[in-house]
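Undergrad: Dropping the structure in here first, questions after.
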Amino acid sequence: MSQIAKELLYTGKAKDVYKTDNDDEYIIKFRDDITALDGGKKDTLSKKGVYNALISTKLFEVLEAEGIKTQYIELLSPDEMLTMSLDMIPLEVICRNIATGSLVKKYPFPEKKELNPPIIQFDYKNDEYHDPMLNDSIILALDIVSQDALDEIRQITLKINRVLSDFLKSKGLLLVDFKLEYGFDKDGNIILGDEISPDTTRLWDVDTLENFDKDIFRKGEDGVVDAYRKVVDLILTDDEKDKWNVKDIE
Ligand code: C5P
């Protein structure tokens, strides 16, 4: 564990958040734990945490370069990210470009139907209530955020979708859908937090539509970590791979 990490603030299903000496900064540690099906399916997969930290770092850097504010400050070690401290909003903001997953289970969309404009969906991040889907009225009635904040979250999410879809397509991957989490910084600005990794996105090969994400685990198939590694190999530059000794990670 890094020197500056202090007290454990929060343990999630796949990450731990630590306080640091500086109240404005946290350290997020990406663990090897993986869960699916509302926590009903669990495992620990060696190196998954490192791959998710490297992928999230790369994608946050791509977003920052396009002017999108994120919690990310720097990667301290291959699985520890220094971040801005945020007051997290309990929303799972899901954006979908292609119909699959829970969307085709719950609604009469044909599998793989292209969704243009993309669908944005808000789920309540609440284990006790099993992350139910919300609408604007429920979000306002529960006092989760204001209408203005919600509108801003929609706009930022659409921009993130455009930036990441273009970037990933240039690397041979289709951004099928993904989940984002936002928080407020100390000045009340809405900032992208959490992670963007194959745990929280669906990524398909642009040609074969083979998937390189947590769906492999959800389906109980082998090769989860190999798929995450493939995403690292596709999206990091050679210099980035050298910096983090990716070739020595096994
Ligand atoms: O399961 P579903 O089709 O609703 O998931 C949509 C997208 O949101 C997927 O990329 C999935 O990985 C992500 N997601 C997530 N965390 C959740 C629910 C969905 O990262 N709790």
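The values are calculated or read from the model by the stated rules, or taken from the named source; none is laboratory data. Just so it is clear, the structure is predicted and the values come from calculations on it, not from any experiment. Cβ: placed from backbone, ideal geometry, glycine included. Neighbour counts: every protein chain shown. Accessible surface areas use protein heavy atoms only, side chains included; no ligands, DNA or RNA. Shrake-Rupley method; radii C 1.70, N 1.55, O 1.52, S 1.80 Å.
Undergrad: Anything in region 94-106 that is of a type in the set (V, I, T) and either within 9 Å of the ligand (Cβ to nearest atom) or not assigned by TED's automatic domain parsing to the domain that holds F184 (or both)? List them, or say none.
TA: Hits for region 94-106 are I94, T100, V104.
Undergrad: Here's another thing I want to ask about it. Within region 26-83, how many residues turn out to be touching a Leu at 6+ places or on another chain (Cβ under 9 Å) and farther than 24 Å from E7 by Cα?
TA: 8
Undergrad: Further, regarding this structure: Please go through region 14-47 and pick out each residue that is touching a helix residue (DSSP H, G or I) at 6+ places or on another chain (Cβ under 9 Å) and assigned to a loop (DSSP other than H, G, I, E, B).
TA: The answer is A14, R31, D32, L37, D38, G39, L45, S46, K47.
Undergrad: Can K19 be described as under 27 Å from D87 (Cβ atoms), open to solvent by 50 Å² or more (accessible area, probe 1.4 Å) and among the basic types (K, R)?
TA: yes
Undergrad: Quick check on region 45-59. Is at least one of its residues within 16 Å of the ligand (Cβ to nearest atom), more than 23 Å from V231 (Cα to Cα), open to solvent by 20 Å² or more (accessible area, probe 1.4 Å) and in contact (Cβ under 8 Å) with a residue 24 or more places away in the chain?
TA: There is no residue in region 45-59 that is within 16 Å of the ligand (Cβ to nearest atom), more than 23 Å from V231 (Cα to Cα), open to solvent by 20 Å² or more (accessible area, probe 1.4 Å) and in contact (Cβ under 8 Å) with a residue 24 or more places away in the chain.
Undergrad: Filter the strands (runs of 3 or more DSSP E) completely within region 164-229 down to those with at least 2 residues that are within 11 Å of the ligand (Cβ to nearest atom), under 17 Å from I98 (Cβ atoms) and open to solvent by less than 30 Å² (accessible area, probe 1.4 Å).
TA: 173-184, 201-205
Undergrad: Across region 120-141, which residue is nearest to L158 (Cα to Cα) among those that are within 13 Å of the ligand (Cβ to nearest atom) and hydroxyl-bearing (S, T, Y)?
TA: Among residues in region 120-141 that are within 13 Å of the ligand (Cβ to nearest atom) and hydroxyl-bearing (S, T, Y), the one nearest to L158 (Cα to Cα) is Y124.
Undergrad: Report whether or not I73 is surrounded by fewer than 18 Cβ atoms within 10 Å (Cβ to Cβ), β-branched (V, I, T), assigned to a loop (DSSP other than H, G, I, E, B) and in contact (Cβ under 8 Å) with a residue 12 or more places away in the chain.
TA: Taking the combined requirement at face value, the residue does not satisfy it.
Undergrad: Further question: For V145, work out the one condition from (1) in contact (Cβ under 8 Å) with a residue 60 or more places away in the chain; (2) farther than 19 Å from P198 by Cα; (3) open to solvent by less than 50 Å² (accessible area, probe 1.4 Å); (4) not basic (K, R) it doesn't fulfil.
TA: (1)
Undergrad: Looking at D38 and the list (1) open to solvent by less than 30 Å² (accessible area, probe 1.4 Å); (2) under 27 Å from V145 (Cα atoms); (3) within 16 Å of the ligand (Cβ to nearest atom); (4) within 17 Å of the chain's Cα centre (by Cα), which single condition is not satisfied?
TA: Among (1) open to solvent by less than 30 Å² (accessible area, probe 1.4 Å); (2) under 27 Å from V145 (Cα atoms); (3) within 16 Å of the ligand (Cβ to nearest atom); (4) within 17 Å of the chain's Cα centre (by Cα), the lone unmet condition for D38 is (1).
Undergrad: Are there any pairs, at least 6 apart or on different chains, whose C-beta atoms fall under 9 Å, with the first in region 201-221 and within 22 Å of K42 (Cβ to Cβ) and the second in a loop (DSSP other than H, G, I, E, B) and more than 16 Å from the ligand (Cβ to nearest atom), and if so, which?
TA: I216/D222; I216/G223
Undergrad: Follow-up. Please enumerate the residues belonging to region 126-142 that are assigned to a loop (DSSP other than H, G, I, E, B), closer than 18 Å to D38 by Cβ and open to solvent by 80 Å² or more (accessible area, probe 1.4 Å).
TA: H130
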